[in-house]
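Colleague: Input: one structure, supplied below.
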Amino acid sequence: MNNKEKLISAAAEAALKAYAPYSRFRVGAAVLADDGTIYTGVNVENRSYGLTICAERNAIAHAVSMGMKAVKAVAIYSPDSKEPLPPCGACRQVITEFSAPDAVVICCGSNENAVEIPVSELYPMDSLHNLKKF
Ligand code: THU
């Protein structure tokens with residue numbers, strides 16, 4: 001299994017742990033860090049629907065919590081979508097906070113028809129990247 005396949009299968013395995021009792025739409029995400037480590041996340045819904053957090057943002061938060069410095073790739077998988085699942089707008093913004101310039105997102109559905117797209121294409125004209133960090 002190559003790195004891309006490993007990342008997709010980590011996202012697929014994670015998706016089975018999604019907490020999605022309201023939408024019944026399970027999502028798993030796997031972040032590949034610049035040091036080769038894979039961190040996963042799932043969507044976690046809430047009975048107050050707006051508090052739901054997507055799998056991609058949970059995977060990023062998990063990765064940062066474990067010391068990840070930069071994202072090389074993110075795989076997204078839903079067993080409940082035949083079509084490849086791209087990240088929502090909020091997740092695109094959060095991914096760009098940590099993504100390396102050549103980072104890619106791999107969108108997957110159950111049809112095994114993965115689509116790989118550079119973060120720079122998924123989220124063009126990104127703003128405030130040079131905002132001073134303290
Ligand atoms: N969801 C994700 O986790 N990632 C996406 O890219 C799209 C949507 C979740 C949020 C919610 O729990 C469910 O999928 C239906 O929108």
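Rule-based calculations on the coordinates, nothing more; no lab input. Nothing here was measured: the structure is a model prediction, and the numbers come from that model. Every residue, glycine among them, receives a Cβ derived from its backbone with ideal geometry; neighbour counts consider all protein chains shown.
Colleague: Only one of these is within 8 Å of the ligand (Cβ to nearest atom) and in contact with a Gly (Cβ under 8 Å, 6 or more places away or on another chain): E83, E56. Name it.
Modeller: From the options E83, E56, the qualifying one is E56.
Colleague: Please identify the pairs in which a residue from the range 112-131 that is among the aromatic types (F, W, Y) has its Cβ atom under 6 Å from the Cβ atom of a residue that is surrounded by 14 or more Cβ atoms within 10 Å (Cβ to Cβ), counting only partners at least 6 apart or on another chain.
Modeller: These pairs meet every condition: Y123/R92; Y123/T96.
Colleague: Hey, can you tell me all the residues within the range 86-107 that are within 13 Å of the ligand (Cβ to nearest atom) and aliphatic (A, V, I, L, M)?
Modeller: A90, V94, I95, V105, I106
Colleague: Also: Collect the residues in the range 1-44 that are within 9 Å of the ligand (Cβ to nearest atom), surrounded by 18 or more Cβ atoms within 10 Å (Cβ to Cβ) and not hydrophobic (A, V, I, L, M, F, W, C), keeping them in residue-number order.
Modeller: R26, G28, G41, N43
Colleague: Restricting to the range 91-121, give me the number of residues that are closer than 21 Å to A63 by Cα and in contact with a helix residue (DSSP H, G or I) (Cβ under 7 Å, 6 or more places away or on another chain).
Modeller: Of the residues in the range 91-121, 13 are closer than 21 Å to A63 by Cα and in contact with a helix residue (DSSP H, G or I) (Cβ under 7 Å, 6 or more places away or on another chain).
Colleague: Could I ask something else about it? Do you know which of the residues in the range 106-121 that are out of contact with any Cys (no Cβ under 9 Å at 6 or more places or on another chain) and of a type in the set (A, V, I, L, M) is farthest from S78 (Cα to Cα)?
Modeller: V119
Colleague: If I117 passes every condition in (1) within 16 Å of the ligand (Cβ to nearest atom); (2) in a strand (DSSP E or B); (3) in contact with a Lys or Arg (Cβ under 9 Å, 6 or more places away or on another chain); (4) over 13 Å from A11 (Cβ atoms) but one, which one does it miss?
Modeller: (3)
Colleague: Tell me, please, whether a residue that is among the β-branched types (V, I, T), closer than 22 Å to E121 by Cα and more than 13 Å from the ligand (Cβ to nearest atom) can be found in the range 59-66.
Modeller: no
Colleague: Turning to a different aspect of this structure: Among the listed residues N113, N130, which satisfies the condition of being loosely packed, with under 15 Cβ neighbours inside 10 Å and in contact with a Pro (Cβ under 9 Å, 6 or more places away or on another chain)?
Modeller: N113
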